[in-house]
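K.L.:
To start, I am sharing the structure in question, which I have written as structure tokens.
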Amino acid sequence: GENVEQHPSTLSVQEGDSAVIKCTYSDSASNYFPWYKQELGKGPQLIIDIRSNVGEKKDQRIAVTLNKTAKHFSLHITETQPEDSAVYFCAAGGSQGNLIFGKGTKLSVKP
Amino acid sequence: ETGVTQTPRHLVMGMTNKKSLKCEQHLGHNAMYWYKQSAKKPLELMFVYSLEERVENNSVPSRFSPECPNSSHLFLHLHTLQPEDSALYLCASTATPDVYGYTFGSGTRLTVV
């Protein structure tokens, strides 16, 4: 079935460094790729998304890149801050109209 | 608050109990979803409702019974659960049943003892 692989499962960086989380998807018909941030005790919140007709999208310190040929997409966070610490989920909009989620990456930003 | 409110936030229940989870959205959305979130696993879609009609049931055991009395409210009725059903249950809504614009609630942390 359709699936989304997400790596790494945990990531620890020093404040000010960059963080990169990568995902691959299996359904070539996927055309929508959102990223969600889940803080402790809260539900996932959409932070950025990209559609298949765009290769890169940026919003302040976060950016997402998409390689449709390789079926890869990545989240880049620059100048990380302690408040960026959370679990991040990627997802792919499947051909059946549902989102397929990755397993999540726990990001820790050390002050 | 995201506009999607879930109650209770925490629930401990025995395997013979019957309980219900509640979700309410104030966004004017027409589609609502139940997801199960277990540790180190992807979010699992359980049920999808569009305009109060169930449009998807992802092979969920019958001990989980959803109810959508109107487009703003969604319930998940629980009975004779198993310990492996312990998880965070998330409700979400979208304007239409599609992949765009998910708004999640904060979830109900369920523990089955």
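K.L.:
Being among the hydroxyl-bearing types (S, T, Y) and either away from every other protein chain (no Cβ under 12 Å) or more than 15 Å from the chain's Cα centre (by Cα) (or both) is the filter here, so list the residues in segment B:1-22 that pass it.
P.N.:
Taking segment B:1-22 as the starting set, the residues that turn out to be among the hydroxyl-bearing types (S, T, Y) are B:2, B:5, B:7, B:16, B:20.
Residues satisfying the conditions are B:T2, B:T7, B:T16, B:S20.
K.L.:
Continuing with this model, one more query. Would you mind finding the one in B:L43, B:L51 that is closer than 28 Å to A:K103 by Cβ and hydrophobic (A, V, I, L, M, F, W, C)?
P.N.:
Working: B:L51 fails: closer than 28 Å to A:K103 by Cβ.
Answer to the selection: B:L43.
K.L.:
Now, a different point. Which count do you get for residues in segment A:95-111 that are within 13 Å of chain B (Cβ to nearest Cβ) and either surrounded by 21 or more Cβ atoms within 10 Å (Cβ to Cβ) or of a type outside the set (G, A, S) (or both)? If you could, list the steps in order and put the result at the bottom.
P.N.:
If we filter segment A:95-111 for residues that are within 13 Å of chain B (Cβ to nearest Cβ), which is where we start, we get A:95-106.
Next, only the ones that are either surrounded by 21 or more Cβ atoms within 10 Å (Cβ to Cβ) or of a type outside the set (G, A, S) (or both) stay: A:96, A:98-106.
So the count comes out to 10.
K.L.:
Can you give me the number of residues within segment B:9-23 that are surrounded by 17 or more Cβ atoms within 10 Å (Cβ to Cβ) and either at pLDDT below 95 or among the acidic types (D, E) (or both)?
P.N.:
Residues flagged as surrounded by 17 or more Cβ atoms within 10 Å (Cβ to Cβ) and either at pLDDT below 95 or among the acidic types (D, E) (or both) within segment B:9-23 amount to 1.
K.L.:
Then there's this: Residue pairs, Cβ under 8 Å, 6 or more apart or interchain, first in segment A:5-16 and farther than 14 Å from A:C90 by Cα, second surrounded by fewer than 13 Cβ atoms within 10 Å (Cβ to Cβ). List them.
P.N.:
If the second residue must be surrounded by fewer than 13 Cβ atoms within 10 Å (Cβ to Cβ), the pairs left are A:S12/A:K110; A:V13/A:K110; A:Q14/A:K110; A:E15/A:Q81; A:E15/A:P82; A:E15/A:K110; A:E15/A:P111; A:G16/A:E79.
K.L.:
Take the residues in segment A:1-50 that are acidic (D, E) and within 17 Å of B:P42 (Cα to Cα), then tell me which one is nearest to the chain's Cα centre (by Cα).
P.N.:
Just the residues of segment A:1-50 that are acidic (D, E), to begin with: A:2, A:5, A:15, A:17, A:27, A:39, A:49.
Narrowing further to those that are within 17 Å of B:P42 (Cα to Cα): A:2, A:5, A:27, A:39.
Values: A:E2: 17, A:E5: 11, A:D27: 17, A:E39: 14 Å.
Here the residue is A:E5.
K.L.:
Quick one: would you say A:K37 is under 24 Å from B:L90 (Cβ atoms), in a strand (DSSP E or B) and not hydrophobic (A, V, I, L, M, F, W, C)? Outline the logic, then answer.
P.N.:
Working: under 24 Å from B:L90 (Cβ atoms): yes; in a strand (DSSP E or B): yes; not hydrophobic (A, V, I, L, M, F, W, C): yes.
The answer is yes for A:K37.
K.L.:
Please indicate, with yes or no, whether at least one residue in segment A:51-60 is hydrophobic (A, V, I, L, M, F, W, C) and either under 26 Å from B:H10 (Cα atoms) or within 12 Å of chain B (Cβ to nearest Cβ) (or both). Walk me through it before giving the result.
P.N.:
Applying the first criterion (hydrophobic (A, V, I, L, M, F, W, C)) to segment A:51-60 yields A:54.
Going one step further and asking which of them are either under 26 Å from B:H10 (Cα atoms) or within 12 Å of chain B (Cβ to nearest Cβ) (or both), we end up with none.
Looking through segment A:51-60, none of the residues is hydrophobic (A, V, I, L, M, F, W, C) and either under 26 Å from B:H10 (Cα atoms) or within 12 Å of chain B (Cβ to nearest Cβ) (or both).
K.L.:
Looking only at strands (runs of 3 or more DSSP E) that lie completely in segment B:1-71, which have at least 2 residues being among the β-branched types (V, I, T)?
P.N.:
Working: elements: B:4-7, B:10-13, B:18-25, B:31-37, B:44-50, B:53-57, B:64-70.
Per the criteria, B:4-7.
K.L.:
Now for a separate question. Have a look at A:E79, A:E83 and point out the one that is of a type in the set (D, E, K, R), away from chain B (no Cβ under 14 Å) and assigned to a helix (DSSP H, G or I).
P.N.:
Values: A:E79 fails: assigned to a helix (DSSP H, G or I).
Answer to the check: A:E83.
K.L.:
Pull up segment A:49-82, narrow it to residues that are closer than 21 Å to A:E15 by Cα and among the β-branched types (V, I, T), then point me to the one that is most open to solvent (accessible area, probe 1.4 Å). First the steps, then the outcome.
P.N.:
Of all residues in segment A:49-82, those closer than 21 Å to A:E15 by Cα come to A:58-64, A:74-82.
So of that shortlist, the ones also among the β-branched types (V, I, T) come out as A:62, A:64, A:77-78, A:80.
Details: A:I62: 29, A:V64: 0, A:I77: 5, A:T78: 57, A:T80: 2 Å².
Ranking the candidates gives A:T78 first.
K.L.:
Sticking with this one: Go through segment B:53-111 and give me each residue that's surrounded by fewer than 21 Cβ atoms within 10 Å (Cβ to Cβ), closer than 21 Å to B:T2 by Cα, aliphatic (A, V, I, L, M) and over 13 Å from the mean Cα position of the chain (by Cα).
P.N.:
Residue satisfying the conditions is B:A95 alone.
Conditions (1) touching a strand residue (DSSP E or B) at 6+ places or on another chain (Cβ under 7 Å); (2) in contact (Cβ under 8 Å) with a residue 40 or more places away in the chain; (3) facing chain A (nearest Cβ under 9 Å), marked per residue:
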site: B:E24; (1), (2), (3): yes, yes, no
site: B:N30; (1), (2), (3): yes, yes, no
site: B:P61; (1), (2), (3): no, no, no
site: B:A87; (1), (2), (3): yes, yes, no
site: B:A92; (1), (2), (3): yes, yes, yes
site: B:T96; (1), (2), (3): yes, yes, no
site: B:T111; (1), (2), (3): yes, yes, no
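The values are calculated or read from the model by the stated rules, or taken from the named source; none is laboratory data. Please read these numbers as outputs of a predicted model, since none were measured by experiment. All Cβ positions, even for glycine, are placed from backbone atoms using ideal geometry, and neighbour counts span all protein chains on display. Heads up: the accessible areas ignore ligands, DNA and RNA and are worked out on the full protein's heavy atoms, side chains in. Shrake-Rupley method; radii C 1.70, N 1.55, O 1.52, S 1.80 Å.
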